[in-house]
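**Q** The structure's right below; bear with me while I get my questions together.
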Amino acid sequence: MIVQACINGARSADFHPALPLDAHAMARDGAASIAAGAAELHVHARGADHQESLAPEAMDRTMAALRRACPGTLIGVSTGAWIEKDDRRTLAAITGWKELPDYASVNLSEAAAPEVMETLRDRGVGIEAGLASIGDALRLTSLDHGRRVLRVLIEISEQKLDEAFAIANGIVKVLEREGVHRAILLHGENATVWPFVERAAARKFSTRVGLEDGKELPDGSVADGNAALVAAAVRIYRSR
């Protein structure tokens, strides 16, 4: 079980004053998150305009800064289709990376997920299979990638807790039924962040927290930044 720090995501600058939007800020924030107890980092690289980018120049700059600041730490990135807005650009960008991440998340809801996964695998990059629905889980198992991914990332965006838990439970049941025995990282978003941290700790799954998923601490106050969110999640795990 680990706590992963998801330090920025697709959030805009007005979401939180400490949101890291360039390579230097990500490196500083990543190091602080590791010091607070995170075992790994998940980042969304940004271009010079602070917009998300998979372009080699943005990715290489970001990964190099993180490697210097967080030696020995596993670092993952997103490959979300919304970043490049074109499947061919996404695949070309991955092929051009020189500073490779350790793993990358791939959303099984996206049309080009199989091609993205194969391109990552060809480059030696591990895959976090992102599942947001039972349909995503079924697609993963049908592709036979369920047994070849680094881990399964169950990421639930529904904000009604009963509905969110039902979807997560349904995904787990599909994986168990289909014999997909991979580490699971379970997380919510916004209102469901902390209920899912609690659920993940109880189920002995990994989880993630950070400004990508939400900015509030368990008591409802706004966190100073990613390190405070990580520290709160680590306390929950250590209390089990």
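The values are calculated or read from the model by the stated rules, or taken from the named source; none is laboratory data. Please read all numbers here as calculations on a predicted model, not as lab measurements. With ligands, DNA and RNA removed, areas are computed over all heavy atoms of the protein, side chains included. Shrake-Rupley method; radii C 1.70, N 1.55, O 1.52, S 1.80 Å.
**Q** Determine, at each q value in 0.12, 0.13 (inverse angstroms), the log₁₀ of I(q)/I(0) that the Debye formula gives when each Cα of segment 92-186 is one equal point scatterer.
**A** Log-scaled intensity ratios, in q order: -0.37, -0.43.
**Q** Computed on alpha carbon atoms, what radius of gyration and Dmax characterise segment 126-240, expressed in Å?
**A** In Å, with Rg to one decimal and Dmax whole: 14.2, 43.
**Q** Express in Å², to the nearest 10, the accessible area of Phe15 obtained by rolling a 1.4 Å probe over the protein heavy atoms while all chains stay in place.
**A** Only protein atoms counted, so the area is about 40 Å².
**Q** Please work out the Cα convex hull volume for segment 21-71 and give it in Å³ per residue.
**A** 62
**Q** Right, another one. Work out, step by step, the length gained on full extension between Ser12 and Leu143: first 0.36 nm times the residue separation, then minus their alpha carbon distance; give nm to one decimal.
**A** Details: separation 131, 0.36 × 131 = 47.16 nm, distance 3.41 nm.
Taking 0.36 nm per residue and subtracting the Cα distance, the gain is 43.7 nm.
**Q** Tell me, how many Å apart are the Cα centres for segment 36-93 and for segment 167-220?
**A** Taking the Cα centre of segment 167-220 as reference, the centre of segment 36-93 is 22 Å away.
**Q** Order the following by accessible area, largest value first: Ile154, Ile2. Probe radius 1.4 Å; ligands, DNA and RNA are ignored.
**A** The residues order as Ile2, Ile154, largest area first.
**Q** If the chain between Asp49 and Ala202 were fully stretched, how many nm would it gain, using 0.36 nm times the residue separation less the Cα-Cα distance?
**A** Values: separation 153, 0.36 × 153 = 55.08 nm, distance 4.08 nm.
51.0 nm is the gain from fully extending Asp49 to Ala202.
**Q** When a/c reaches 1.5 or more, the comparison of a/b and b/c decides; with that in mind, is segment 1-135 rounded, prolate or oblate per its Cα gyration tensor?
**A** rounded
**Q** Using only protein heavy atoms and a 1.4 Å probe, report how much of Arg11 is accessible, in Å² to the nearest 10.
**A** Accessible surface of Arg11 is approximately 50 Å².
**Q** Report, as a whole number in µm² per second, the diffusion coefficient that Stokes-Einstein gives for the chain at 25 °C and 0.890 mPa s using the Kirkwood radius over alpha carbon pairs.
**A** Rounded to a whole number, D works out at 139 µm²/s.
**Q** Looking only at Lys160, Lys98, Lys215, which one moves most when the chain is put into a Gaussian network model with springs between Cα atoms under 10 Å?
**A** Maximum fluctuation in the GNM of the chain, among the listed residues, is at Lys160.
**Q** I've got another one for you. If each DSSP helix of 4+ residues adds -39,500 (n - 2.57) and the sum is divided by the residues in the chain, what number results at 222 nm, nearest 500 deg cm²/dmol?
**A** -13000 deg cm²/dmol
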